[in-house]
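*Asks:* A single structure is presented below for examination.
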Ligand code: ADP
């Protein structure tokens, strides 16, 4: 449970994500999705209840420690990255993850292993052709892939994707999701996404959050047919 003042943002949410899952969290604006993700990552502390990660109680664990334990969320690219090349950005994240610091990244020469690992991540996300482009010059859909690349540099066991297709034109979002769908099963994925076409194609399990509680949870087919979901969420 999380309250803000007297307001209850989430209550009695029992969300279990299985290893290797492709699990989506959907719900109308204000349903509590962001609050729930913030509780999982440790950005917010629950007012009551607990959070477990891979069998370990992490309720009081700091965000960076949860990240080290394998719980990684995507974050928005900030100005710092705009002038860097795609490879530099990801190499910097790899370096940070390895505890090597982030000041060395220019030039990349002499840091072969870090660069190799960054290049492998770019390859996985089909970003290798853009390795030497400045991130700001990429199409928006590909910029959002860099966010995922930065998250992968943290070696996630559980990856929280917070609206990866937000602001991405439909023509690019399909490709973005095809790439996400090819990520290896060692990485469990929890997705928040507004575009229902993408959610229903990608997710194998969907939890519908309404007014801070899980209304229903199950396979996409079941969710799509659920009368309350149609009524409350899809507005039918
Ligand atoms: P969603 O991500 O599903 O749109 P949120 O988690 O952002 O929903 O919000 C859930 C509810 O909690 C909303 O009614 C919102 O106004 C409220 N809320 C979220 N964060 C805060 C905050 N920091 N202070 C007060 N109320 C908040």
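*Asks:* For 132, 43, what's the fewest-to-most ordering of other Cβ within 10 Å of each Cβ?
*Replies:* Working: 132 10, 43 13.
Exposure proxy ranking, most exposed first: 132, 43.
*Asks:* While we're looking at this one, here's another question. Based on DSSP, what percent of beta bridges with both residues in the chain are antiparallel, to the nearest 5? Provide the component values of the computation, followed by the final result.
*Replies:* Numbers: 11 of 27 bridges.
Bridges in the chain are about 40 percent antiparallel.
*Asks:* Can you give me the Kirkwood hydrodynamic radius for the chain, using every pair of distinct Cα atoms, in Å to one decimal?
*Replies:* 18.7 Å
*Asks:* Divide by every residue of the chain the summed helix terms, -39500 (n - 2.57) for each DSSP H run of at least 4, and state the resulting mean residue ellipticity at 222 nm, rounded to the nearest 500 deg cm²/dmol.
*Replies:* Rounded to the nearest 500, it is -10500 deg cm²/dmol.
*Asks:* Let me ask something additional. Could you give me D for region 180-226, from Stokes-Einstein at 10 °C and 1.306 mPa s, where the hydrodynamic radius is the Kirkwood radius over C-alpha pairs? Units µm² s⁻¹, please.
*Replies:* Here the translational diffusion coefficient equals 136 µm²/s.
*Asks:* In degrees between 0 and 90, to the nearest 10, how far off the longest principal axis of the chain does helix 112-124 point, with axes built from Cα atoms?
*Replies:* 50 degrees
*Asks:* Compute the relative contact order of the chain as a whole-number percentage, counting only Cα pairs closer than 8 Å that sit 6 or more residues apart in sequence. Walk me through the numbers on the way to the answer.
*Replies:* Numbers: 368 pairs, mean separation 70.4, N = 236.
So the answer I get is 30 percent.
*Asks:* So how do 116, 162, 195 line up by other beta-carbon neighbours within 10 Å, fewest first? Don't jump to the answer; show the numbers that get you there.
*Replies:* On the way: 116 12, 162 20, 195 17.
If I rank by nearby Cβ atoms, fewest first, I get 116, 195, 162.
*Asks:* If you rank 171, 47 by fewest surrounding Cβ atoms within 10 Å, what's the result?
*Replies:* Lowest count first: 171, 47.
*Asks:* Here's another thing I want to ask about it. Among DSSP beta bridges whose residues both lie in region 100-236, state the antiparallel percentage, nearest 5.
*Replies:* 50 percent
*Asks:* Quick check: the angle from helix 170-181's long axis to the longest principal axis of the chain, C-alpha only, nearest 10 degrees?
*Replies:* On a 0 to 90 degree scale, this one is about 90.
*Asks:* Which angle between 0 and 90 degrees, to the nearest 10, do you get for helix 86-97 versus the longest principal axis of the chain when only C-alpha atoms count?
*Replies:* 70 degrees
Read-outs throughout are calculated quantities, based only on the coordinates presented, and are distinct from any laboratory measurement. Just so it is clear, the model here is predicted, and its values are computed rather than measured. All Cβ positions, even for glycine, are placed from backbone atoms using ideal geometry, and neighbour counts span all protein chains on display.
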